[in-house]
Amino acid sequence: MTTTVQPRKIVVLSGSGVSAESGLPTFRDANGLWNNHPWQELASPEGWQRHPETVQAFYNERRQKAWAAQPNAAHAAIASLEPAYEVVIVTQNVDALHERAGSTQVLHIHGELAYARGTSPRRHRYRIDGAPIEMGRLCEDGTQLRPDIVWFGESVQHFDEALMHVTTAARVLVVGTSLAVQPAASLARYAHQSAEKVLVSLEMEQVPRGFVFMRGKATEQVPALVARWLAEAQRTGN
Ligand code: NAD
């Protein structure tokens, strides 16, 4: 079966680098110790079982910092594409900076700090924005509320939907991700052969095939790219 590319569709695959200039540390920068706990202990079901109070406190702090941060020029530029294009953002980020900049279609494949959920597999979700989750606060199914974050070993969310969007986009922008975490990283490989494919990052060990590498800060490179794409949309009449 051949895939039909939608000329007005843009998919943005974003990672923690797009939020770095809003003051949130990237995965690599944050990948050390937090109060003497290694990252793996804070982002795994096993860690949650061993010391839920510590894991809860860690995400409460991250949620508070993410909520205090402001969208930057890269988030704003991506949001400004919407009048001219259908834009779908597939993000590994757990902050809400794309939405807060005005983007309306955001798939959080690694979950969202702004939501809490129960601990059982029955997934009730509650919107909490920047508020902390207290230990002892229960989901309606009686289980302890935890952050709605995809931990190591848990299944990513919205993957099939993300894949469908990537394969049908005429333009694909990868920004601020080292493409090291699977299966999120694999999505870039599914961009259509005919799609314009751009990667914005400070550094990249291996640029995926077919991508043009724009090395530099997201807040500088993304607005420049977006300005070109908006001008192209205007020229082709929209
Ligand atoms: P990563 O740390 O592996 O890679 C970040 C990439 O962004 C690097 O390639 C780096 O060169 C680039 N970068 C850094 N600053 C940049 C800037 N100003 N402009 C452009 N590029 C910049 O991060 P990742 O690939 O997103 O790792 C994935 C994991 O980290 C995910 O699981 C995600 O859930 C988690 N995470 C999310 C957040 C957040 O929501 N803001 C923060 C930290 C970690």
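Read-outs: derived from the displayed coordinates by stated rules, not from any lab. As the structure is a computational prediction, the values presented were derived from the model and not from experiment. Ideal geometry is used to build each Cβ from the backbone, glycine not excepted, and the neighbour counts take in all protein chains shown.
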For this session: Give me the number: length gained by fully extending Phe159 to Thr104, i.e. 0.36 nm times residue separation minus the C-alpha to C-alpha distance, one decimal in nm.
Result: 18.0 nm
For this session: Compute the separation of the alpha-carbon centres of region 34-56 and region 87-160 and state it in Å as a whole number.
Result: 17 Å
For this session: Report the local net charge at Asn72: Lys and Arg +1, Asp and Glu -1, summed over other residues whose C-beta lies under 10 Å from its C-beta.
Result: 0
Exercise. Using θ = phi - 60° and the Karplus curve 6.51 cos²θ - 1.76 cosθ + 1.60, what whole-Hz ³J(HN,Hα) does each residue of region 156-168 get, with Gly and Pro shown as x?
Worked result: 5, 9, 6, 5, 5, 5, 4, 4, 4, 5, 4, 6, 10
Problem set entry | Other-chain or far-sequence residues with amide H under 5 Å of Tyr115's (modelled H) | Ile128, Asp148
Exercise. Counting only DSSP beta bridges with both residues in the chain, what percent are antiparallel, rounded to the nearest 5?
Worked result: 30 percent
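Which length gain, in nm to one decimal place, applies between Arg235 and Gln182 when the Cα-Cα distance is subtracted from 0.36 nm times their residue separation?
Residue separation times 0.36 nm, minus the Cα-Cα distance, leaves 15.3 nm.
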Exercise. Using 0.36 nm per residue, how much length does the chain from Val5 to Ala227 gain when fully extended, once their Cα-Cα distance is taken away?
Worked result: 77.7 nm
Problem set entry | Interchain or long-range residues, amide H under 5 Å from Glu82's placed H | none
Seminar exercise, completed: Here region 53-60 yields Karplus 3J(HN,Hα) values (6.51, -1.76, 1.60; θ = phi - 60°; whole Hz; Gly and Pro given as x) of 4, 5, 5, 4, 5, 4, 6, 4
Exercise. Just from its helices, what would the mean residue ellipticity at 222 nm be for the chain, if runs of 4 or more DSSP H residues each count -39500 (n - 2.57) and the sum is divided by every residue, rounded to the nearest 500 deg cm²/dmol?
Worked result: -8500 deg cm²/dmol
Seminar exercise, completed: The ³J(HN,Hα) series, computed from each phi in region 177-187 with the Karplus coefficients 6.51, -1.76 and 1.60 at θ = phi - 60°, rounded to the nearest Hz and given as x for glycine or proline, is 10, 7, 6, 9, 9, 9, x, 3, 4, 5, 4
Problem set entry | For Leu107, distant residues with modelled amide H under 5 Å away | Ile89, Val90, Thr91
Exercise. So how do 185-196, 47-58 stack up, highest first, on mean other-Cβ count within 10 Å?
Worked result: 185-196, 47-58
